[in-house]
Amino acid sequence: MREAIDSALTQTYDRVEVVVVDDGSTDGSVAIMQGYGSAITVIEQENAGAAAARNSGWRASKGEYLVFLDADDTISEDYITLMLEQLQAAGGDIAYCGWQNTGLSPDRCKPFVPPDYENEPAKLERLIQNARWPIHAALVRRELFEASVGFDTRWGTCEDFALWIERAIDARLVRVKDVLAFY
């Protein structure tokens, strides 16, 4: 968890707000969060699952753009700067980047850059087949969330995939070819 929070706090982009949701943890996470003092906003709630925690986080935030990190995720220090530059330059709604799973064996840890869905002839079909970016490899305009119910809490998993499909149909997607997200 510390690595995730630290990666959010050490961004080269200087206007970062970090909201951390404790979804009923019992492992001492709250003490770690409190150690950051006023550098982060902590929300404590009874365990309701990832979708509910993410909804609590974005609703408590104030920023125009949203990034979601789970406790085992990190982002490069220039993540927000690069993602935001390319998103704004393209007039996009969702920027997504390359990512890497660093916790697997070396032959399974290769960096991956998803395809350019926006320029696919059948964007929706390609997204439904496989929107291949993890939750933390996307920077999203807040207004996309405000125009939806957020993450569907009925889903036990893949709530991010469901939201990307729902919102990406009419959204402008911007692929950032850099590998900026890690887990």
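The values are calculated or read from the model by the stated rules, or taken from the named source; none is laboratory data. Please read all numbers here as calculations on a predicted model, not as lab measurements. All Cβ positions, glycine included, derive from the backbone under ideal geometry; neighbour counts span all protein chains shown. Calculation scope for accessible area: heavy atoms of the full protein, side chains included, ligands and nucleic acids excluded. Shrake-Rupley method; radii C 1.70, N 1.55, O 1.52, S 1.80 Å.
Here Glu17 meets the list (1) more than 25 Å from Arg154 (Cα to Cα); (2) touching an Asp or Glu at 6+ places or on another chain (Cβ under 8 Å); (3) not in a helix (DSSP H, G or I) almost entirely, failing just condition (2).
Could you tell me whether any residue of segment 67-80 is over 14 Å from the mean Cα position of the chain (by Cα) and more than 22 Å from Val30 (Cβ to Cβ)? Yes: one or more hits.
What number of residues in segment 101-120 are part of a helix (DSSP H, G or I) and either on the phi > 0 side of the Ramachandran plot or open to solvent by 40 Å² or more (accessible area, probe 1.4 Å) (or both)? Don't jump to the end; show me each part of the working.
Narrowing segment 101-120 to residues part of a helix (DSSP H, G or I): 106-108, 117-119.
With either on the phi > 0 side of the Ramachandran plot or open to solvent by 40 Å² or more (accessible area, probe 1.4 Å) (or both) added as a condition, the list becomes 106-108, 118-119.
Counting residues in segment 101-120 that are part of a helix (DSSP H, G or I) and either on the phi > 0 side of the Ramachandran plot or open to solvent by 40 Å² or more (accessible area, probe 1.4 Å) (or both) gives 5.
The residue of segment 27-68 that is nearest to Trp164 (Cα to Cα), among those that are open to solvent by 30 Å² or more (accessible area, probe 1.4 Å), in a helix (DSSP H, G or I) and of a type in the set (Ser, Thr, Tyr), is Ser56. Going by the conditions given, is Gly92 assigned to a loop (DSSP other than H, G, I, E, B) and not basic (Lys, Arg)? It is true that Gly92 is assigned to a loop (DSSP other than H, G, I, E, B) and not basic (Lys, Arg). Restricting attention to segment 72-84, and to residues there that are touching a strand residue (DSSP E or B) at 6+ places or on another chain (Cβ under 9 Å) and part of a loop (DSSP other than H, G, I, E, B), which single residue is least open to solvent (accessible area, probe 1.4 Å)? The extreme case among them is Asp73. Beta carbons closer than 7 Å, at least 6 apart along the sequence or on distinct chains, pair a first residue in segment 42-53 that is under 10 Å from Val21 (Cα atoms) with a second that is among the polar types (S, T, N, Q) and buried (at least 17 other Cβ atoms within 10 Å of the Cβ) for Ile43/Ser56; Gln45/Ser56. If you go through segment 121-142 and keep only what is assigned to a helix (DSSP H, G or I) and open to solvent by 90 Å² or more (accessible area, probe 1.4 Å), you end up with Glu125, Ile128, Gln129.
Here is the figure for segment 147-183: residues that are at pLDDT 85 or above and assigned to a helix (DSSP H, G or I) total 0. Being within 15 Å of the chain's Cα centre (by Cα), under 19 Å from Arg132 (Cα atoms) and not charged (D, E, K, R) is the requirement here; does Ala8 meet it? In short, no.
Residues that are in contact with a strand residue (DSSP E or B) (Cβ under 9 Å, 6 or more places away or on another chain), over 30 Å from Leu104 (Cα atoms) and open to solvent by 30 Å² or more (accessible area, probe 1.4 Å) within segment 143-183 comprise Arg167, Arg172, listed in sequence order.
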